[in-house]
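Below: the structure, in structure tokens.
The values are calculated or read from the model by the stated rules, or taken from the named source; none is laboratory data. Since the structure is predicted, the reported quantities are computational estimates derived from the model, not experimental observations. Counting neighbours? That spans all protein chains shown, and the Cβs are built from the backbone with ideal geometry, glycine included. These accessible areas exclude ligands, DNA and RNA; they are computed on the full protein's heavy atoms, side chains included. Shrake-Rupley method; radii C 1.70, N 1.55, O 1.52, S 1.80 Å.
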Amino acid sequence: MIDFKICLVSFGILMGLNSSIQAQQQQRRAVLPSVLAIPAEIDPIKVMVEDQAEQLIGALDYEKAANPQDMNKLVRKNLKLDGYAIPPLDMQLISSIEQDNYTVHSLIFQSLPGLYVPASLYVPKGNGPFPAILNSHGHWPPGRRSEIVQRTAHMLASNGYVCLCIDAMGSGERGREHEHEYHGANLGSAMLDLGTPLMGIQLLENSRAIDLLCSLPEVDPERIGATGASGGGNQTMWLAAMDPRIKAAVPVVSVGTFRAYIMNSNCVCELHPNGLLHFEEGQLLQTMAPKAIKIISALKDGNAAFNAHQMLKSFRIAKEAFARQGVPERIDYELFDEPHSYTTEMNISMIKWFDGAFGATREKGLQLDNVLLLDTNELAVLKHGVKQELILSIPDFISREFSRIESRIATSTLDKMDYKKQLRALLYTGGTDSLLRVQTLESQQGWQRVMLETSMRQLIPLLISLPLTDSNTLHVYFPSMGKQQVAMQEIEALRNKGEGVVLIDLFGLGERSSTTADKIDGALPRFHTLSRSLLWMGRSMMGIWVSEIGLINAYLQQEYKPSKQTLVADRETAIAALISNVLNPSEQELLLRELPISYLPGATGALDRYNMAIHIPGILHWGDIPMLLALNEQRVMIDGLYQLDGKPCEIANKEQLKNKVKHYKKQLKNQGTLLTN
């Protein structure tokens with residue numbers, strides 16, 4: 001293996017000083033000039049994304065009634081719901097707690113092969129069969145055992161309903177290390193990388209929960225409903241649209257419009273990739289007719305996507321479909337002067353709705369006795385002898401599924417062109433960009449300022465410092481934090497040697513940042529808002545970056561040939577640069593810093609070292625980082641390999657990567673050199 005430092009010298013990264021050129025550069029300032037100079041409050045990224053969303057909404061046909069069968073097929077395709085076998089339920093009763101008028105059973109059941117779900121089943125005392133309700137939890141810890149879910153289940157069971165509560169994937173006892181955690185950022189997005197979005201897994205598992213209810217002798221299978229608040233309300237809505245066994249539903253503080261998700265705050269479990277290309281939320285609600293649907297919204301809800309005004313837009317669209325079927329009374333809404341929650345008053349409204357839908361009569365009225373919340377440990381299946389290996393976290397599940405994928409790839413005949421075609425399909429659902437115009441602005445501080453205008457109405461800023469020697473070496477930087485955060489000592493050392501430098505801000509970075517999206521992201525990994533918004537519209541941050549790098553490289557190679565160009569990128573942009581070189585082969589050599597070794601999430605540790613731009617739907621099912629390296633035909637130098645949790649890779653990890661890449665290259669009959677430090 002060639003010593004890495006020697007390779008760095010060959011790339012001009014280890015610097016020497018050229019005194020004749022140094023004199024010309026003493027006046028340079030450390031702060032880089034801007035190119036676009038657009039005031040941050042204008043936020044052109046926000047304007048562009050929302051404009052594209054409006055165009056998609058405008059193209060939808062609201063006059064035509066949504067067809068339930070067509071919608072079902074479309075949702076199943078977008079959420080990749082048909083790739084899993086359906087195993088026996090294998091329900092296992094773990095423990096039981098007797099209450100005055102019902103029994104709480106803790107149990108597990110098998111949703112997908114080898115994937116077991118912890119659940120709480122509330123069964124009324126007396127003679128059944130009873131109507132049954134699936135009560136889905138939102139983002140309140142600890143999942144199904146939270147105060148809101150327990151209170152709702154208590155009120156349902158006290159009033160004659162079987163109630164089933166399950167822990168959603170990545171929540172409650174299914175969090176990493178079996179502790180509840182927020183699954184809505186990089187953790188949940190790892191399911192997207194595997195190929196099935198988190199929403200899809202939730203929908204599959206909720207449908208399996210209905211299988212369980214239908215299997216119980218205490219349940220009347222003709223009287224099954226669903227409810228839940230916030231993220232649980234979202235699950236309720238999708239299940240009611242997709243599962244014909246749901247006869248009534250009460251989604252709470254969750255119904256709005258899909259358009260309102262764009263550039264607003266939401267969990268990735270509420271993300272339906274490509275959704276806005278096909279339908280709006282009101283059209284999804286239309287497909288529920290003639291089921292009994294009651295929407296509950298909170299006037300003080302702080303989430304713009306669930307605002308009462310957004311809900312009313314969707315309700316009015318849905319109401320038309322119910323009226324056409326002659327059942328306008330079977331969809332309704334109620335507004336509460338409350339914040340984002342599921343209050344006792346909302347519970348009462350919910351039970352009255354189900355009573356009406358299922359023909360329940362009450363001689364003594366609703367039972368509204370005080371709720372006795374159970375200790376969360378009493379309801380935990382793992383505290384009662386269930387083996388931890390049965391309850392898989394998101395990383396556990398992905399690791400298991402990916403081991404099968406790797407085994408298939410390792411024993412298959414790989415076709416290079418076919419793999420590239422598949423990669424393009426993963427990235428470019430919304431099409432690629434192209435160069436329309438180049439405008440050169442007045443130079444500042446020794447930098448040429450160039451602006452590229454693209455067919456997708458993007459303005460890409462370039463700062464260019466041309467070579468001052470015969471080396472014709474051009475170092476092209478795509479900094480993951482924007483060009484103002486680049487290491488200026490390194491840049492100035494290159495320029496002092498007389499070598500050329502190009503600094504570029506890709507979409508969402510540097511001068512092209514969205515102040516709106518950054519503010520909404522808050523403490524979440526960056527691009528949680530922007531990346532999720534784009535995926536709703538059939539695009540991805542990584543796809544945009546790859547497209548932009550391709551057109552920028554084509555421009556530079558044409559404009560500055562026959563210069564020797566080295567592409568330098570780090571972290572998330574390192575992946576984009578690698579993909580661009582795979583799909584648009586060139587003579588450029590790559591220097592990739594802090595590259596993740598894999599898209600596999602860690603079983604422990606933080607998952608915020610890399611931002612949300614990193615995610616590519618289906619990339620793990622396609623082949624992961626080693627396959628990208630194997631498909632590259634040029635020399636690639638990697639300066640720092642990391643796990644997704646931020647831990648530096650050990651020597652053994654690096655050797656394993658090299659062996660995989662070597663094996664894949666042999667299968668692909670591909671050339672190219674890989675060097676790691």
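Shape analysis of region 619-677 yields a ratio of the Cα radius of gyration to the Kirkwood radius, Rg/Rh, of 0.96. Heavy-atom accessible area with a 1.4 Å probe sorts TRP536, TRP140, TRP353, largest first, into TRP140, TRP353, TRP536. Helical content alone sets the calculated 222 nm signal of the chain at -11000 deg cm²/dmol, taking -39,500 (n - 2.57) per DSSP H segment of four or more residues and averaging over every residue. Charge tally for ILE246 (other residues, Cβ to Cβ under 15 Å; Lys, Arg +1; Asp, Glu -1): +2. Where the centroid of each part is defined by its Cα atoms, how far is region 424-491 from region 272-342 in Å? Each part's Cα centre sits 45 Å from the other's. For a label point 7 Å from the Cα of ASN101 along Cα→C-beta, name the residues of region 202-223 whose backbone N is under 20 Å from it. Only 218-220 fall inside the zone, counting backbone N under 20 Å.
Per the Kirkwood definition applied to all pairs of different Cα atoms, how many angstroms is the hydrodynamic radius of region 376-465? Working shown, then result.
On the way: mean 1/r = 0.0519 Å⁻¹.
19.3 Å is the Kirkwood radius here.
Distance from the alpha carbon centroid of region 614-677 to that of region 498-539 works out to 25 angstrom. At the residue level, HIS139 shows approximately 60 square angstrom of accessible surface with a 1.4 angstrom probe and all protein chains present.
Its Cα gyration tensor gives region 542-645 an equivalent ellipsoid, and the semi-axes of that ellipsoid, as √(5λ) in whole Å with the largest first, are 26, 13, 12. The length gained by stretching the chain between LYS64 and LEU335 to full extension, at 0.36 nm per residue less their Cα-Cα distance, is 94.7 nm.
If I take all pairs of Cα atoms in region 231-279, what percentage of them are more than 15 Å from each other?
Working: 569 of 1176 pairs.
Roughly 48 percent, once rounded to a whole number.
Across region 473-544, the convex hull enclosing all Cα atoms gives 89 Å³ per residue. Here the spin labels are modelled as points 7 Å beyond Cα on the Cα-Cβ line, and at MET48 and VAL371 they lie 4.6 nm apart.
So, with a 1.4 angstrom probe, what is the percent of accessible area on region 38-91 that is carbon and sulfur? It would help to have the intermediate numbers written out before the result.
Numbers: 1890 of 3390 Å².
Of all accessible area on region 38-91, carbon and sulfur atoms account for 56 percent.
Let me know the Kirkwood hydrodynamic radius for region 283-429, please, with Cα pairs as the basis and the value in Å to one decimal. Walk me through the numbers on the way to the answer.
Details: mean 1/r = 0.0475 Å⁻¹.
The Cα-based Kirkwood calculation yields 21.1 Å.
Rolling a 1.4 Å probe over the protein heavy atoms of region 514-579, with every protein chain left in place, gives an accessible area that is 54 percent carbon and sulfur. LYS416 sits among other residues whose Cβ lies under 11 Å from its own Cβ, and their net charge, with Lys and Arg +1 and Asp and Glu -1, is +1. For region 446-500, the set of trypsin sites (Lys or Arg not before Pro) satisfying both a DSSP loop assignment and a count of at most 14 other C-beta atoms within 10 Å is given as ARG457.
Highest mean first, how do 82-88, 255-261, 651-657 rank when packing is the count of other Cβ atoms within 10 Å averaged over residues?
Working: 82-88: 11.0, 255-261: 24.4, 651-657: 13.7.
Averaged packing, sorted descending, gives the order 255-261, 651-657, 82-88.
A 1.4 Å probe, protein heavy atoms only, puts the accessible area of TRP622 near 10 Å². Taking the centroid of alpha carbons for each part, region 59-93 and region 162-233 are 15 Å apart. Spin-label model, ASP418 to LEU89: label points 7 Å out along the Cα-to-beta-carbon direction sit 4.1 nm apart.
What is the sum of charges, Lys and Arg at +1 and Asp and Glu at -1, for the other residues whose Cβ falls under 12 Å from the Cβ of ASP82? Local net charge: +4. Under 5 Å from the amide H of ASN677 lie the amide H atoms of ILE638, GLY640, each residue being 5 or more positions distant or on a separate chain, with H modelled from the backbone and absent for Pro and chain starts.
Keeping every protein chain in place, order CYS267, CYS214 by accessible area at 1.4 Å, biggest value first, i.e. largest first.
Details: CYS267 5, CYS214 45 Å².
Of CYS267, CYS214, the descending order of accessible area is CYS214, CYS267.
Heavy-atom surface analysis with a 1.4 Å probe gives region 606-677 a carbon and sulfur content of 48 percent of its accessible area.
Residue order by solvent-accessible surface for MET637, MET456 is MET456, MET637, largest first, with ligands and nucleic acids left out and a 1.4 Å probe.
How much of the pair distance distribution for region 146-218 lies past 22 Å, counting alpha-carbon pairs only, in percent? For region 146-218, the fraction of Cα-Cα distances above 22 Å is 35 percent.
So what is the accessible area of the chain per residue, in Å², with the probe set to 1.4 Å? Before the final figure, lay out the partial values.
Numbers: 25910 Å² over 677 residues.
Value for the chain: 38 Å² per residue.
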